[in-house]
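These notes are about the structure you will find just below.
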């Protein structure tokens, strides 16, 4: 089941650089592990912002919340979740160029 | 180049049903043609709303505007475009489950 | 799986009373049928507004959208969906007074 | 009498972990005591956010405010209260699947 | 139990004057009847707007909704309800000048 | 002349408890003195928030600003003032139950 | 007593031109009469909008509402009133160049 | 050329009182000097807020920005500028009472 | 003197196509005439919207308002004006590649 | 390809002056280097705010994000990007006065 997830990161401007770097490094590792599991099929940077737009593919709302709240940057993010449904005009992937 | 496009449809409540149906039918045909060209790789329904969230893959801003303004429902939609960039933590598709 | 659904109804002020009454009557019938199926466990009126706050219990996002878009008042409603997860402090129902 | 209560928690990012843990632990104890009294019949986590959506069942506005302001996280929460009324289409609980 | 109620009236600009006058006249009669019952203790005009700010004194949320939805202008109003509680610094009426 | 005043208090979360208590104690004393003078005829707590809704009865805008800015919590409050006028449907107090 | 008044005019786009012209002509006459009485000391156009920013000088809130609601365009305007007080740094007019 | 300028001051709540006082004192001196030059013809306090509404009379946008950014409180203010034009219904000052 | 002008066009969905075409054709002629006079140096389409972002170069606020309100689509546009000043880091045009 | 970029700078009010000065100095150097490369053709100050409105001319979204996130003030800016397309009424530069 797909969810659209928008994440805006807001690190405190006075966080020491090494702590911010450590956080980001752990965030990257966790994010890539979730991607490898096939549960985070799309992850894009919003141009000009410390923000991303993502698509998650999970079993249910509880799994979605567990994944998002496991992210090391979770306490510093403003996250908005939008449930996605099948669109009647969407073609199957194999029908696209 | 990828763009995140959010479209909210607002048909006037007093539009005759046959005219609305004709519009939606033409919209579907145009939307599927753009998908077949590979320029609209993702199209999802927002659960509970007459709205979609889409990803477009186009050469530039002009092509994006040309495609969006060619949609039969364009005069009835509130559209928000967000330019997407490569995310440094995103794995290539083949690395995902 | 639970979803929080807020619905604000906006009937055009010039809709003839008999057409509005017919719509509302069909809405009530559909709403009660969905409740009987156990998929709409809570439905409350927002005091002072032609609006409701509801909890839906569905298999997935697609079923949720199918149910909501089947409502006769769907074209006249502004609907906001919020996915709900288990809260770690919530007691099971039988533990409450 | 039922009230819809939305709570968004905003702990200062620099609060020491042990103080945050102590606060959360006391919050959980108080929240469960209010649930046991039957005055907080529903408590859900908003997926992806440190927030909840709750239903309170209280005698009046004063009792509601007393309960909410007794929560240890009260100084760190943005709370919105919506009074709920009986919905004319709502079936009694025993009529649902 | 007290509720703060803000009402913004939005009559369609093309409503015939006699129909608007009839509506307003019925609104006034109903509003004064509710005041006579002691359930609408304060009613003020917001300077410069076709809007009011009111205090209602009712038994519960259901009575409040019943009163508000009985107003002839109800379909043309945007209403926001805020539940009020006793303020710890408020003096009893007899202690004020 | 009546004014509707909405005050939202936002104390910094790291203010020492004794300083906050002293502030609140002085606030209460000043608020009650203004009430005794008959210039603050209504003061209600907004249920679930550290906020109030008030009615002030003053000679003019300057007196209103002088009173509000004399409150010890003034630097920590977000205040919104709405001028009130006589409502044509309002009954005199003695005509109400 | 001074009030800051922002008025945004929204004439229905399908209002016949002669009716709009008649309205605007009556509006101008009333606006100039209020200015002649010294109660509308400033009236500016917001560049690029069918809107104005004004200063009114009236005895009290009731006179302000009476003047504003007497404007022929009142039913088509969104009006926001802000009460103004003496600023401690403002020089008397004669002290300015 | 006239501009409408709204300034909301937000001093950090933990700024030492003497530093705040020094800032405000310098602000007053600069503000009065600009008034004496005839470039700040109106300055009003917004009742209930640490905010003002002002009218500036300057040669062009660059002079306006130079004046505003010279204010000692500039780093602590949220400023909104609205360009004003001649209103077709405005009477010359000498035609007003 | 430069102004940033954002224009969002909102034609009524039921405007007859020939009337809309005539309006747009006149709009284009007027817009190009203002460009030829050097007073509208930049005009861009916002991708995905019936909107533009423009830069105007005019003598003062009055000229800006006169130009904008002369546009045939003016009654159907929501326009926001932002005054621009010289940026201290901006290089002269000839210093750019 | 052109993008409209709005940047609002929010330096923490307690940042030491020398650190702020160093940041601004590096910001200016980087901004001027990007201008020299022809990728930042317009940069204007918003009158009255520590903000700018800019036009970027880049190859694609990735280049835009790389440039913006290379700015020394990037962690302190709220940036909004709007993709621009060719406007059908825009004249070529040489056709303007």
(Q) Quick test for you: out of F:39, F:28, F:24, pick the one residue that is out of contact with any strand residue (DSSP E or B) (no Cβ under 7 Å at 6 or more places or on another chain) and under 18 Å from residue E:96 (Cα atoms). (A) F:28
Q: Consider residue F:39 carefully, then state whether it is touching a helix residue (DSSP H, G or I) at 6+ places or on another chain (Cβ under 9 Å) and free of Cβ contacts under 8 Å to residues at least 60 places away in the same chain.
A: yes
Q: Considering only segment C:61-70, state which residues are surrounded by fewer than 18 Cβ atoms within 10 Å (Cβ to Cβ) and within 23 Å of residue D:91 (Cα to Cα).
A: C:63, C:66, C:69, C:70
Q: Answer with yes or no whether residue I:48 is modelled with pLDDT of 95 or more, touching a strand residue (DSSP E or B) at 6+ places or on another chain (Cβ under 7 Å) and loosely packed, with under 15 Cβ neighbours inside 10 Å.
A: no
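Residues are listed down the side, and each one gets a yes or a no for (1) surrounded by 17 or more Cβ atoms within 10 Å (Cβ to Cβ); (2) more than 14 Å from residue A:96 (Cβ to Cβ); (3) within 10 Å of the chain's Cα centre (by Cα):
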| residue | (1), (2), (3) |
| --- | --- |
| B:35 | yes, no, yes |
| B:53 | yes, yes, yes |
| B:75 | no, yes, no |
| B:82 | yes, yes, no |
(Q) One residue is enough: does segment I:65-72 have a residue meeting the conditions modelled with pLDDT under 95, out of contact with any strand residue (DSSP E or B) (no Cβ under 8 Å at 6 or more places or on another chain) and within 30 Å of residue B:23 (Cα to Cα)? (A) no
Q. Does residue D:97 count as within 30 Å of residue C:25 (Cβ to Cβ) and at pLDDT below 95?
A. yes
Q) So which residues in segment A:38-51 are more than 19 Å from residue J:68 (Cβ to Cβ) and over 9 Å from the mean Cα position of the chain (by Cα)? A) A:38, A:39, A:41
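The values are calculated or read from the model by the stated rules, or taken from the named source; none is laboratory data. The structure presented is a predicted model; accordingly, all values stated were derived computationally and were not measured. Every residue, glycine as well, gets a Cβ built from its backbone with ideal geometry; the counts of neighbours run over all protein chains shown.
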